[in-house]
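The structure appears below as structure tokens.
Just so it is clear, none of the values below were taken in a lab; they were calculated from the coordinates. Just so you know, these numbers come straight off a predicted model, no measurement behind them. Ideal geometry is used to build each Cβ from the backbone, glycine not excepted, and the neighbour counts take in all protein chains shown.
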């Protein structure tokens with residue numbers, strides 16, 4: 001399903017960006033206009049401005065991500081392992097194993 005980028009308000013006289021949030025259940029796009037300079041409406045997090053204090057930023061950086069299954073440390077470990085894998089594949093390609 002393609003998302004509509006614009007919405008007309010006030011009887012079609014004003015065109016503004018449409019909220020890009022989707023419903024979990026029906027997969028339909030939100031019908032509200034997005035906040036100015038944002039991709040989503042107030043209901044879907046457009047009013048959020050993020051962490052402001054150093055403590056809040058530190059808490060955000062150390063937070064568990066996606067349902068607690070993934071942390072920043074796990075992402076870093078995966079990144080290093082994938083880099084090692086790419087290096088091994090490059091060596092194998094050089095000696096003709098691939």
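Please find, among 63, 90, 51, the residue that is within 30 Å of residue 32 (Cα to Cα) and surrounded by 10 or more Cβ atoms within 10 Å (Cβ to Cβ). It would help to see each step written out before you state the result.
On the way: 63 fails: within 30 Å of residue 32 (Cα to Cα); 90 fails: within 30 Å of residue 32 (Cα to Cα).
Sole residue among the options that is within 30 Å of residue 32 (Cα to Cα) and surrounded by 10 or more Cβ atoms within 10 Å (Cβ to Cβ): 51.
Conditions tested, residue by residue: (1) in contact (Cβ under 8 Å) with a residue 40 or more places away in the chain; (2) touching a helix residue (DSSP H, G or I) at 6+ places or on another chain (Cβ under 7 Å); (3) over 30 Å from residue 98 (Cβ atoms); (4) part of a loop (DSSP other than H, G, I, E, B).
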{"residue": "4", "(1), (2), (3), (4)": "no, no, yes, yes"}
{"residue": "7", "(1), (2), (3), (4)": "no, no, yes, no"}
{"residue": "20", "(1), (2), (3), (4)": "no, no, yes, yes"}
{"residue": "31", "(1), (2), (3), (4)": "no, no, yes, yes"}
{"residue": "60", "(1), (2), (3), (4)": "no, no, yes, no"}
{"residue": "75", "(1), (2), (3), (4)": "no, no, no, no"}
{"residue": "86", "(1), (2), (3), (4)": "no, no, no, no"}
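Looking at 39, 25, can you tell me which residue is free of Cβ contacts under 8 Å to residues at least 24 places away in the same chain, in contact with a strand residue (DSSP E or B) (Cβ under 8 Å, 6 or more places away or on another chain) and assigned to a loop (DSSP other than H, G, I, E, B)? Full working, then the answer.
Numbers: 25 fails: in contact with a strand residue (DSSP E or B) (Cβ under 8 Å, 6 or more places away or on another chain).
None of the other options fit; the residue is 39.
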